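Below is one structure, written out as structure tokens, with a few remarks after it.
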Amino acid sequence: MPEGPAARVGGAVLAAIFLGIGALIFYGIYAFVPDHFIALGAIGAVALAFSILAYFAQAFTRYPTVPRALAWGFMAMGFTVLVLDLLFPPAGAISAALQLTLLIVVLLLALVWGFVIVWSSRERRMAAARSEKRAEWVAQPPPSAFTYSTARVPGQVSPPAPPAGSFPPPPTPPPGAT
């Protein structure tokens, strides 16, 4: 993973674009939707959508830490706004049954999202470990044909003795037998 000023600038530009567009959309929703309960629910849903977009934006930058952090930030904002909006609705906005149902759905979605985060973090750690092992293997000098146990010195007639614990060589026919 390239680490450098150019890669970080690309990630920062991507973050600035996401944050700028998100701020404009959130402000527009809150300013132009008269019912603030619905506006906050829409802001929470849009934040979750931005979380998904930021997560997939990791593929378009060479420094994926910034979009990943954006994805987690938008996810936290979206779930926080939705849960607080459902826990403390204005009087008479929704029925208690609908409030409980929507709260359960949002919490289940948060649980699934949490499992995805744990899974992807585990996959990144495993990929890093594989890359480290691969780098160690590539750094080793290639083996020479003369280091193998079956290598023969020029002019040697018989092969070297087999390693201990292997099968004995086949019997040789007696002299004069064809």
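Each reported figure results from applying straightforward, stated rules to the coordinates on display, with no laboratory input. Worth saying up front: this structure is predicted, and the values here are computed from it rather than measured. Counting neighbours? That spans all protein chains shown, and the Cβs are built from the backbone with ideal geometry, glycine included.
Just a few scattered comments:
- Among Gly41, Gly22, Leu86 - extreme Cα towards positive end, dipole of the range 5-139, charges at beta-carbon: Gly22
- Translational diffusion of the range 1-99 was estimated from the Stokes-Einstein equation, with Rh taken as the Kirkwood radius over Cα pairs; at 10 °C and 1.306 mPa s the coefficient is 109 µm²/s.
- A prolate overall shape is assigned to the range 41-92, the ratio a/c of its alpha-carbon gyration tensor axes (a ≥ b ≥ c) being 1.5 or greater and a/b exceeding b/c.
- Spin-label model, Ser131/Ala45: points 7 Å from Cα along the beta carbon direction are separated by 3.8 nm.
- Glu123-Phe37 FRET efficiency (beta carbon distance; Förster radius 45 Å; 0.05 resolution): 0.70
- Note on Ser51, Ser121: ascending count of other Cβ atoms within 10 Å places them as Ser121, Ser51, the fewest first.
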